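The values are calculated or read from the model by the stated rules, or taken from the named source; none is laboratory data. Everything numeric in this text was worked out from a predicted model, so none of it was measured. We place every Cβ from the backbone using ideal geometry, glycine too, and count neighbours over all the protein chains shown. Quick note on the areas: whole protein, heavy atoms, side chains included, nothing else; ligands and nucleic acids left out. Shrake-Rupley method; radii C 1.70, N 1.55, O 1.52, S 1.80 Å.
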Protein chains: 4
Amino acid sequence: MPKPLNIGMIGYGFMGRTHSNAYRKVNNFFDLGHKPVLKACCARSEDKAKAFADQWGYESIETDWRKLIERKDIDVIDIGSPNNTHFEIATAAAEAGKMILCEKPLAMNVAEAQKMVETVKKAGVPNMVWFNYRRVPAISLAKQIVDEGRIGRPFHYRATYLQDWTIAEDVPQGGAALWRLDAAVAGSGVTGDLLAHSIDTAYWLNGPITEVTAATETFVKERVHQETGKKEAVKIDDACMFLAKFANGSIGTFESTRYARGRKNYNTFELDGEAGSVFFNLEDPQLLSFFEYRNPEGQKTPSHLTGWRDIHVTNSEHPYMDKWWVPGCTIGYEHTFINALADFIGGLDKGEPVKPDFEDALYTQKVCDAVLESAKDGQWKKIG
Amino acid sequence: MPKPLNIGMIGYGFMGRTHSNAYRKVNNFFDLGHKPVLKACCARSEDKAKAFADQWGYESIETDWRKLIERKDIDVIDIGSPNNTHFEIATAAAEAGKMILCEKPLAMNVAEAQKMVETVKKAGVPNMVWFNYRRVPAISLAKQIVDEGRIGRPFHYRATYLQDWTIAEDVPQGGAALWRLDAAVAGSGVTGDLLAHSIDTAYWLNGPITEVTAATETFVKERVHQETGKKEAVKIDDACMFLAKFANGSIGTFESTRYARGRKNYNTFELDGEAGSVFFNLEDPQLLSFFEYRNPEGQKTPSHLTGWRDIHVTNSEHPYMDKWWVPGCTIGYEHTFINALADFIGGLDKGEPVKPDFEDALYTQKVCDAVLESAKDGQWKKIG
Amino acid sequence: MPKPLNIGMIGYGFMGRTHSNAYRKVNNFFDLGHKPVLKACCARSEDKAKAFADQWGYESIETDWRKLIERKDIDVIDIGSPNNTHFEIATAAAEAGKMILCEKPLAMNVAEAQKMVETVKKAGVPNMVWFNYRRVPAISLAKQIVDEGRIGRPFHYRATYLQDWTIAEDVPQGGAALWRLDAAVAGSGVTGDLLAHSIDTAYWLNGPITEVTAATETFVKERVHQETGKKEAVKIDDACMFLAKFANGSIGTFESTRYARGRKNYNTFELDGEAGSVFFNLEDPQLLSFFEYRNPEGQKTPSHLTGWRDIHVTNSEHPYMDKWWVPGCTIGYEHTFINALADFIGGLDKGEPVKPDFEDALYTQKVCDAVLESAKDGQWKKIG
Amino acid sequence: MPKPLNIGMIGYGFMGRTHSNAYRKVNNFFDLGHKPVLKACCARSEDKAKAFADQWGYESIETDWRKLIERKDIDVIDIGSPNNTHFEIATAAAEAGKMILCEKPLAMNVAEAQKMVETVKKAGVPNMVWFNYRRVPAISLAKQIVDEGRIGRPFHYRATYLQDWTIAEDVPQGGAALWRLDAAVAGSGVTGDLLAHSIDTAYWLNGPITEVTAATETFVKERVHQETGKKEAVKIDDACMFLAKFANGSIGTFESTRYARGRKNYNTFELDGEAGSVFFNLEDPQLLSFFEYRNPEGQKTPSHLTGWRDIHVTNSEHPYMDKWWVPGCTIGYEHTFINALADFIGGLDKGEPVKPDFEDALYTQKVCDAVLESAKDGQWKKIG
């Protein structure tokens, strides 16, 4: 019988839902030594906390996250609240000896993130950041393909994360639903929200970036703020693009926006190497495109048979897929969180740390900060 | 607070898992008047029943389905056991006044199915057959498009359901995992397993078929039977193809096989009409392809702009999708069962019957039987 | 220096253009021992013959095809006139000792085709039928893949040829442009026009068909005839579908229509075998999709890497492509005629017959006739 | 009857072939007031000139381009020789009053290009640069869509031009075939060869760029030079990427390389605007992807029907396509040159200048030079 793992969930929004769903489902599909127990959820509004607890089956509620952290019956603090709360909560949780599962981006900036890494290290608490896309089976497969030597010497990395949901000028900023448009709460716009994902994936697949040059743009200059009811300047980046040089000698382009009409969750990457290439698009998450020029045994694909192949990543040999249904049956967005959670619990079972942790997320924060600085002064920035 | 809906689940295989998952999740996402309670699961083997109950949280187990049906604390009998058990169980359950959720195909043949329809009608019990693919949002959207008049006069229907998992000659037949290859248990091969889905979808979208001519093939003539350990003749249809005439004047082709190398869950259909066409492929379930020649208001798409559009069926305006995540985030195979269950419970809440019920499934059985008969004598068969 | 090959072209319509273009271009790209000379073109209308000669550079014109055949300075008679003229012209041309390049379908029926084969054999004249799609590089590559043993034991063949240009009821029948809708001139509708292509390709890739059952449909029952100006019954098949059994043990479906809204030149086939599968679609002619399960050396594709690959058939190693531009640069529809012509002339240079000739086309005619007969009486028909 | 237009072709390589083919074919398909006559071709080697003349039907040869320019019987000088010859030839041709059709890139640098523009203006000679991709029907259609107001306020432009043919380290540089790898002859690597196309297309569709920041990379540092037989430093850019700001307020990314394994002619662009978006990929040149959010009449696509549509750009209503075959029949790479030539001759017929001319090409040269300068010092560069 798995041991209970008592969860204290902070936040009840979109991420609160995805995480709660993961806690409820993970043991139905994965054979693990721990089983999450939905002990308590926390929101400033008692009504909202209650409704959320009812919806998901939390045993109790809190309206002050400090009280949640003080509770003896909580093992894990899950931080699903807006970005500007991560630092304070994570610091307190670590100091209270709680494990921490934190939404991305880790922090508002490198200074915060750096301290958070030091704090969790000092406290020795298991920690993970919800860069869930590493656990899209197709992306995990891309990592496997890289690790098997099927890409060879890398030349190019190319990432986009395109959406279109903020084009209308009458979308307001701020409040529970739209804090991602409010720089005071979100820290940045697409850079922290979307490019953070792209950077984390690139780091995993292609290693560290050494240098960047960037530009950002804010297409809609003013939006009504939901708290003041007044038009206020939009201070986030609506779009961000940058050029990158990787430590391994390859070069890359990155771009993110919420103004690409028709692109809804167009999180793509391509890695081109001497032996092969891979391409992924989150809008078709069941597929990984792979071009094989030469396999690790040195055999070249016959010239008349070369082509990009669409791997339907639903075989039982594919990452995570033996845990789900049968070959040919797709899983969806929510499963990336469940897979991530299964990895975290698996690490816990074995006493091994799991990536991406706060340290990985600090790296991503460094790139994000460098990108935003470069966008201000137009200079190339080295990643420290 | 939703009322409890006590579930008695028969079967612990692939479908046992998909249904159990649906019961556990449906109320987290849908606002319903009833909430399934996993009261008991039933398997002949006590060990398997216990393991299944542990995995999914059933409160109790039974090893004899008759006892399950007798239990007063059970509201719904879910039949997830092999095809040759459906008739007997459903009949007993209906006579005991239980609601019935039955896996497809409904029965081994029309004679059984006909009696089952009569029995549930007489008993007046709510019933549904798990033709889950109607609840793929993209397929529901196709139905909406038809109903909105966007196809117009229909000319062609074209369905395939292709898989490749039985090509190897050393795949055995029979037993818990491979009863689908054993004609005595499954009734037929791809016709009842896969074409039944295609026929149900066609019926929903394009109405009844009046006539068919068919051919079947069994490519591997003998396979080891898991129960006898000996090579025995394979009596199922490995592949089946038929031509159809629809009552609405359109014509169609249907084909299914488990020998289409590279096709894993290639359940496709295309409906071509005077005003527009739709195409769907279950391997890319997030997409519906739509060609619009003229809209219901009579406006033609300008000639230089006509084209097949890939609708990424993840907008909140799409069927079921407001219940799940945010636009651009896909759901997967399992959600078709949850959506179907939500519809069934919604019907229960309102006291309205829900389709596809036993009667719809009888229709599909009639087509399947006609197809198999035609494959024997090579004659066109009318659907009675 | 290549020897002159004097061409006498009969017909000035769509096929007259594609053939004339081929004659003009072939020696710019292929190194051949003969060079077509546009000696004369022939049309009943002197004005049309002149205009066509001016447009394409024919040296002279004729208005009676008998005179053209009598001319000593003509080596090749190219029959690009409507179907009901093929028999008479080809017979006369063969008897006059001319080589013959004939548009498909070869004849109005098997009786004609049979005699035509006998006549060209007796006359010993080189002959070819313009089943140009064999010379789409991607289709030639499919043939190469079959011949290399990359498909293995074949299970399924699946062909469609879908168009949508006759849906409007006010499209007339008959006359120079629309004789394909006039049964008296065309012989049949989609069966001879489109399915003939599908059958020829299937024969080439997968061998002979032994048996068929079919259905046809005429959706628009009456159309104005361009010659009478009156509404007349439409006697062609607007759509045709059939089931087939191949001599090699595989089974197949074929379908063709001019009523598939949104499909313009959707000539597709898929061949599924034990070792691999191929898929082609003429609307994307630069691609061949290939799924490799096991190569002829017995190596299986690793399970995590299996997938359909899109071969961009523009490498210099691909059929015909070393003659054209550079890798990555596509060729188009017209090049299939040029490639076919280059093969014919190459055969002439070496004194070797080239396929598909009249005999191959007779086979296709047999299947077409069997299909049309089956569509009448609903019985399976053996291909004699 | 069209008037003769006497062509003097300089260069016999890849571009010599594409242009000669265009001269031979254009009047078979377009109704024009002038008809090219292949008067003379010119190469330094007499043998090569003769062979080329034989292959394509040139009436005479020259081995000194100066003599060709002096000939009275030549109307048009076509410059298809390497980049480092363009300036001198074009200057002499213009001063001799010849019309000029020049391959791209126009010049080795802005200084040359600027003078060339002045020279042709002074001479008043019709001129065009072979940016043939504007005449891909799908790209012309994209331009039409922009001009019809279907994109609306533009936000993003995104271009890549990826190839993979120089990855192998044993590909040499220099000589007749590989001068594109020799900086002394080509001026630059992918910037002038590939990005010049991307920039020209962007300029046409989205207007001028005001500012860029760039990075280049040379992955293979040394290659054998075909003239010296020795390893020499590679001085071209193997890859180039840049960020751009457009005058219209949109922003863009551009990337080109010859090291993207699996990409052969992957010339893509996407333009995202408030009302709609378009995407194109030269590897599938028959398609233009279009997303329509709102049409110019203000009607929004219903939310459940939005999607990217693949326009198969072969309708007779599409640019150039009424001149070619029938709907559904593709054209290929070579036709872009024929379409371009038809436009040039059409301009000549009417006495109107045609774009892209030397002036447009000067603009592209300015962007290329700015990109290469930025890649050297890492600073943003304004386009003067």
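If you place +1 on the Cβ of every Lys and Arg and -1 on the Cβ of every Asp and Glu, how big does the dipole about the Cα centre of the range B:241-384 come out, in debye to the nearest 20? Before the final figure, lay out each step's value.
Values: 15 positive and 21 negative charges, 106 e Å.
With only Lys, Arg, Asp and Glu charged at Cβ, the dipole is about 500 debye.
Please work out how much accessible surface A:T210 shows to a 1.4 Å probe, ignoring ligands, DNA and RNA, in Å² rounded to 10.
50
Would you tally the net charge around C:N84, using a Cβ to Cβ cut-off of less than 10 Å, leaving C:N84 out, and scoring K and R as +1, D and E as -1? Walk me through the intermediate numbers first.
On the way: positive: none; negative: C:E88, C:E112, C:D182.
Every neighbour counted, the sum reads -3.
So which of C:K3/C:K98; D:K115/D:K231; C:K235/C:K381 end up more than 26 Å apart by C-alpha?
Checking Cα-Cα distances, D:K115/D:K231 exceed 26 Å.
Before anything else, pin down the relative contact order of chain A: Cα pairs under 8 Å, at least 6 apart, normalised by residue count, whole percent. Mind showing how you got there, number by number?
Numbers: 858 pairs, mean separation 75.8, N = 384.
Once normalised by length, the contact order is 20 percent.
When Lys and Arg each count +1 and Asp and Glu each count -1, what net charge do the other residues less than 13 Å away from B:K115, Cβ to Cβ, add up to?
Details: positive: B:K121, B:K122; negative: B:E88, B:E95, B:E112, B:E118, B:E359.
Value of the local net charge: -3.
Can you work out ³J(HN,Hα) from phi for every residue in the range B:76-87, in order, using Karplus 6.51 cos²θ - 1.76 cosθ + 1.60 and θ = phi - 60°, giving whole Hz and x for Gly and Pro?
Per residue, the Karplus-derived 3J(HN,Hα) values read 10, 9, 9, 9, x, 8, x, 4, 6, 9, 4, 4 Hz.
For the range A:294-362 and the range D:261-330, what is the separation of their C-alpha centers, rounded to whole Å?
34
Only protein chains counted, 1.4 angstrom probe. Which residues of the range A:190-229 are at least 50 Å² less accessible in the assembly than when their chain is isolated?
Buried by the other chains: A:F219.
Between C:T301 and residues 5 or more places away or on another chain, which pairs have amide H atoms under 5 Å apart, with H built 1.01 Å from N, and which residues are they?
Those qualifying (amide H under 5 Å, at least 5 residues apart or on another chain) are C:R294, C:N295.
Sum up the charges of everything whose Cβ sits under 14 Å from the Cβ of C:T210, counting Lys and Arg as +1 and Asp and Glu as -1, but leave C:T210 out. Each step should come with its number before you reach the end.
Values: positive: C:K245, C:K366, C:K381, C:K382; negative: B:E217, C:E211.
Once all neighbours under 14 Å are counted, the net charge is +2.
Pick out, from B:I311, B:L287, B:T216, the residue whose Cα sits farthest towards the positive end of the charge dipole of the range B:195-349, with +1 on the Cβ of Lys and Arg and -1 on the Cβ of Asp and Glu.
B:T216
Hey, got the dipole for the range A:3-132? About the Cα centre, +1 on K and R Cβ, -1 on D and E Cβ, debye to the nearest 20?
220
In whole Hz, with x marking every Gly and Pro, tabulate ³J(HN,Hα) for the range D:64-71 from phi via Karplus 6.51 cos²θ - 1.76 cosθ + 1.60, θ = phi - 60°.
10, 4, 4, 5, 4, 5, 6, 5
If you place +1 on the Cβ of every Lys and Arg, -1 on the Cβ of every Asp and Glu, and leave all else neutral, what size is the dipole of chain C about its Cα centre, to the nearest 20 Debye? The partial results should precede the final answer.
Details: 45 positive and 52 negative charges, 35 e Å.
Around 160 debye, computed over chain C.
Can you give the calculated 222 nm mean residue ellipticity of the protein assembly as shown, where each DSSP H run of n ≥ 4 adds -39,500 (n - 2.57) and the sum is split over every residue, rounded to the nearest 500 deg cm²/dmol?
Result for the protein assembly as shown, helices only: -10000 deg cm²/dmol.
Peptide D:297-308: average number of partner chain Cβ atoms within 10 Å per residue?
On the way: counts 1, 0, 3, 0, 2, 4, 5, 14, 14, 9, 13, 9.
What the average comes to for D:297-308 is 6.
Measuring from centroid to centroid over Cα atoms, what is the spacing of the range D:120-152 and the range D:88-107 in Å?
Centre-to-centre (Cα) distance: 20 Å.
Can you tell me how much longer the chain between A:V326 and A:K376 gets when fully stretched, taken as 0.36 nm per residue apart minus their C-alpha distance, in nm with one decimal? Walk me through the intermediate numbers first.
Numbers: separation 50, 0.36 × 50 = 18.00 nm, distance 5.01 nm.
Once the chain is fully extended between A:V326 and A:K376, it gains 13.0 nm.
Given the options B:A168, B:A275, B:A49, state which has the largest fluctuation in a GNM of chain B using a 10 Å cut-off (strictly under) for Cα springs.
Of the options given, B:A168 has the highest mean-square fluctuation.
Considering only DSSP beta bridges where both residues belong to chain A, give the percentage that are antiparallel (nearest 5).
Details: 44 of 74 bridges.
Here the share of antiparallel DSSP bridges comes out near 60 percent.
State the residue of chain D whose Cβ is nearest the axis carrying D onto C, and the distance in whole angstrom.
Residue plus distance in Å, as requested: D:G332, 2.
Taking the DSSP beta bridges in the protein assembly as shown as the whole, what percent of them are antiparallel, to the nearest 5?
Antiparallel bridges make up about 60 percent of those DSSP assigns within the protein assembly as shown.
Once amide H atoms are built 1.01 Å from N in the peptide plane, which residues 5 or more positions from A:H225, or in another chain, come under 5 Å H to H?
The list, which skips near neighbours in sequence, is A:Q173, A:K230, A:K231, A:E232.
Residues of the range B:135-172 losing 50 Å² or more of accessible surface, assembly versus chain alone, probe 1.4 Å, please list them.
B:R153, B:F155, B:H156, B:R158
Measure off 7 Å from each Cα along the Cα-to-Cβ vector at A:K221 and C:A51, then give the distance between these two points in nanometres to one decimal.
Each label point lies 7 Å from its Cα, and together they span 6.0 nm.
For the range B:98-113, in order, what is each residue's ³J(HN,Hα) by Karplus, 6.51 cos²θ - 1.76 cosθ + 1.60 with θ = phi - 60°, in whole Hz (x at glycine and Pro)?
In residue order, the calculated couplings are 7, 5, 10, 10, 10, 5, 8, x, 4, 8, 7, 6, 5, 4, 4, 4 Hz.
Find every distance from the label point of D:D73 to the corresponding label point in the other copies (7 Å from Cα along Cα→Cβ) and write them in nm, one decimal, shortest first.
2.4, 10.3, 10.6
I need the calculated FRET efficiency for the pair A:E169 and C:W165, taking r as the beta carbon distance and R₀ as 35 Å, to the nearest 0.05.
0.20
Can you tell which of B:I79, B:I338, B:I251 shows the greatest fluctuation in a Gaussian network model of chain B with Cα springs below 10 Å?
B:I251
Please state the relative contact order of the range D:55-136 as a whole percent: Cα pairs under 8 Å, 6+ residues apart?
Answer for the range D:55-136 is 27 percent.
Would you work out which of A:P302, A:G189, A:Y259 lies farthest towards the positive end of the dipole of the range A:133-377, given +1 charges on the beta-carbon of Lys and Arg and -1 on that of Asp and Glu, about the Cα centre?
Checking the options against the dipole of the range A:133-377, the answer is A:P302.
Using a probe radius of 1.4 Å on heavy atoms only, what accessible surface per residue do you get for the range D:203-335? Whole Å² is fine.
About 30 Å² of surface per residue is accessible.
In the range C:1-62, what percent of the accessible surface is made up of carbon and sulfur (1.4 Å probe, ligands and nucleic acids excluded)? It would help to have the intermediate numbers written out before the result.
Details: 1260 of 2630 Å².
Carbon-and-sulfur percentage of accessible area, whole number: 48.
When the Cα atoms of the range C:312-374 are enclosed in a convex hull and the volume is divided per residue, what value in Å³ results?
119
Any chance you could check the Cα centroid distance between the range A:1-48 and the range D:27-77 for me, in angstrom?
Value for the Cα centre distance between the two parts: 78 Å.
How much accessible area is lost when chains D and A come together, counting both sides, with a 1.4 Å probe, in Å² rounded to the nearest 100? Provide the component values of the computation, followed by the final result.
Working: alone 17080 and 17110 Å², together 30630 Å².
Summing both sides, the interface buries roughly 3600 Å².
Starting from the 7 Å offset along Cα-to-Cβ, what nm value, one decimal, do you get for the label separation of C:E297 and A:D73?
Placing both labels 7 Å beyond Cα along the Cβ direction yields 6.4 nm.
For D:D182, enumerate residues with amide H under 5 Å from its amide H, sequence gap 5+ or separate chain, H modeled in the peptide plane.
Result for D:D182 returns D:G174.
When the accessible area of the range B:134-377 is computed with all protein chains present and a 1.4 Å probe, what percentage of it is carbon and sulfur?
Here carbon and sulfur together make up 48 percent of the probe-accessible area.
Kindly report, to the nearest 10 Å², the accessible surface of A:M321 as traced by a 1.4 Å probe over protein heavy atoms only.
About 10 Å², ignoring ligands and nucleic acids.
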